[in-house]
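The values are calculated or read from the model by the stated rules, or taken from the named source; none is laboratory data. Quantities reported herein were computed from a predicted structural model and do not represent experimental measurements. Every residue, glycine as well, gets a Cβ built from its backbone with ideal geometry; the counts of neighbours run over all protein chains shown. Just so you know, the surface numbers come from the protein's heavy atoms only, side chains and all, with ligands and any DNA or RNA stripped out. Shrake-Rupley method; radii C 1.70, N 1.55, O 1.52, S 1.80 Å.
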Amino acid sequence: MTGGVFSRLSAFERLLQLFTPVRPGEGRAVFLMLAQVFLLLLAYYLVRPVREALILAEGSAELRSYAVGSVALVLIFLVPLYTLLFSSIGRRGSKSAVLRWVAWFFVSNLLLFHALGRIGVPVSVPFFVWMGVFNVMVVAQFWAFAADLLNVRSGQRLFALIAVGGALGAWCGSQLSGRLFALAGPWNLMLASAALLACVVAISRRVESSIPEGSHSLHGSAQGAREAGIGRLLGGFALVARSRYLTLIAVFVTLLNLVGSTGGYILSSYVEAHAAALSAADPSVDPRAVIGAFYGDYWSWVTLLQFVLQLLVVPRLFQRWGIRTAIVVVPVLMLLNYGLVALLPVFALVRFMAIVEGGANYSVHATTCNALYLPVPREHKYVGKTTIDTFFWRFGDLLHALLILVLARLAGQDMATIVLANLGFAAVLVGVAVAIGRHHHRRVQAAPDSVPPRVAAPMRDVYVPAGQLLVFSIPEQAFQEPEPGEALGFEARAASGELPGWIRFDRANHTFAVRPPAGNEGCVEVELIARDIAGRTVCSRFAIRHGIDPRPRFLSYPSIALPAAAAPGSGGDAGTAKAC
């Protein structure tokens, strides 16, 4: 991305530029995909309280536990059916076909539950199990669709911004659902959720046509059709087993949910003990009120941290250090979390670390896991991702239940043992994350179009009269972005260290503003560093001279000089380029 390219960005793209490099034309695609994932998460969170209300009103907490465990069993049969669906419609030209079919399936289910509930048919158990499938299946379809549309470089840049829509949808849905439940009732919330899913379908084709040239994925539908001949009984399970990369991701997702679910059990145990202690000290304190207030405050902090990290940290993490580093962030946080809890089992520390882990899990981890599928074939994006995000994720729930049954119920171990067991699983998780990062890095680097950026036209020296202001942009021809979908980020520094205060570089606008002190002269050598999404850098050096220049020259690239008397400019000697 250069100064000339920046001038062609829309107003919305210039706003996105504050968080990550953006190419011209990508703003419309990002906006539409933001809207899609916002509507998806809003649709889910609107009906989430409905499942709890129905299962507890028509059944019991024990029945709820059995329903949670049955979700994984249902997915064992559902994944092969999904594989057959992909195999049959993968030959069509539209990349949105799978997402649209799956969304219409769930829309019809919601309409059916609404009709049955209206006539008094008990639907609590099937609806609860259905929700366990719905919340993982539809989100997996959206991100598979996104990975199918965008190439590796564009996806790694834009996924973090698109995921902000999911964070907003989850927050808005959780805020609205409680109020709307009392006003509209459970059956009307089902209709509202179905309408939102229908809107997702309506947007899909526009999203598909909005991807600009150079940003779309090279994996076309014809390739997907050739690779999709996997309509066998084992379906997606066989696909995951055949790919070492997918197998590692499946193990990672299973372990992550195991550690996260066990962490939730540890947190709830400390919360119950804290509430019991407060009630023992003051009998007028209701433990249930304490627990309810705690979790209301807890989820408020988690969702706030999720939004802040998603908007401000994840794009820069991807840009600066890439997927290979981002994949280990949450496992390392988990390792740190349960290590600290094992050493210092204090309620305040447990609460703080749980908030940090939760916020990072819903932002850094979620975006990174979705980006892992960008460099894989099309069938892996749909069938492999759906199998992993549904069955293997829910399989982690089963392992968590088995772990608690064995340690807490059968062996009679205390909380310290469970914390140490979770610490051990977190350590294994870190190792798996490192292995996935290496595999992902090799896949990206092995791509035939994986070429680092280079200096195309070295920056020229600049002269500015002392006391005057000169504003100039990075020339469009300064750097070359060889890879499809690449957009460079820039930073500037002095060769001797930090830039002096009178030289300011705007990373978002890619412009320098230079105002040397009056009555001063000298020269500052500036290093302009261009960085791609893989973290590879190249540097162009140029000099900013200020004071009295006996050989005045003019700038050779677009600039704005204020006031007009500041027009004399630089540059006879071309700047030197070097790899940083």
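Rounded to the nearest whole Hz, the Karplus-based 3J(HN,Hα) values (6.51 cos²θ - 1.76 cosθ + 1.60, θ = phi - 60°) of the range 34-42 follow the sequence 4, 5, 4, 5, 4, 5, 4, 5, 5, with x at glycine and proline. Full extension of the chain between residue 213 and residue 427 yields a length gain of 72.8 nm, computed as 0.36 nm times the residue separation minus the alpha carbon distance. Placing pseudo-labels 7 Å out from each Cα toward the beta carbon at residue 347 and residue 187 gives an inter-label distance of 4.4 nm.
Near the amide H of residue 460, within less than 5 Å, lie the amide hydrogens of 575, all on another chain or at least 5 residues away, with H placed in the peptide plane. Answer rounded, prolate or oblate for the range 117-179, using the Cα gyration tensor with square roots of eigenvalues a ≥ b ≥ c: rounded when a/c is under 1.5, else prolate when a/b is larger than b/c, else oblate. Oblate, because a/c is 1.5 or more while a/b does not exceed b/c.
From the protein chains alone at 1.4 Å, what is the descending order of accessible area for 393, 321, largest first?
From most accessible down to least: 321, 393.
Using 0.36 nm per residue and subtracting the Cα-Cα separation, the extra length available between residue 456 and residue 414 on full extension is 8.7 nm. In this structure, residue 10 and residue 84 have a Cβ-Cβ separation that, at R0 = 45 Å, corresponds to a calculated FRET efficiency of about 0.60.
Projecting label points 7 angstrom from Cα along Cα→Cβ for residue 320 and residue 176 puts them 3.5 nm apart. Rank 236, 295, 339 by how far each Cα sits towards the positive end of the charge dipole of the range 224-378 (+1 on Lys, Arg Cβ; -1 on Asp, Glu Cβ) and give me just the farthest. Result: 236, furthest along the dipole toward the positive end. For the range 277-307 versus the range 486-524, the inter-centroid distance based on Cα atoms is 50 Å. Phi-derived couplings, Karplus 6.51 cos²θ - 1.76 cosθ + 1.60 at θ = phi - 60°, listed residue by residue for the range 358-374: x, x, 5, 5, 7, 10, 4, 5, 4, 5, 5, 4, 5, 6, 4, 8, 4 Hz, with x used for Gly and Pro.
The residues of the range 373-446 expose, per residue, 40 Å² of accessible area to a 1.4 Å probe.
In this calculation the C-beta distance from residue 53 to residue 438 is compared with R0 = 41 Å, giving a FRET efficiency of 0.35.
For residue 279, what accessible area in Å² do you get when you roll a 1.4 Å probe over the heavy atoms of the protein chains, rounding to the nearest 10? For residue 279, solvent-accessible area is about 30 Å². When each of the peptides 430-438, 126-134 is scored by the mean number of other C-beta atoms lying within 10 Å of its residues, the order from highest to lowest reads 126-134, 430-438. By a 1.4 Å probe calculation restricted to protein chains, residue 525 has an accessible surface near 80 Å², given to the nearest 10. Computed in the context of the full set of protein chains, the accessible area of the range 279-382 at 1.4 Å probe radius has 73% of its extent on carbon or sulfur. When the surface is traced with a 1.4 Å probe over the full set of protein chains, residue 20 keeps roughly 0 Å² accessible. Distances between placed amide hydrogens fall under 5 Å for residue 216 paired with 151, all partners being 5 or more residues away or on another chain.
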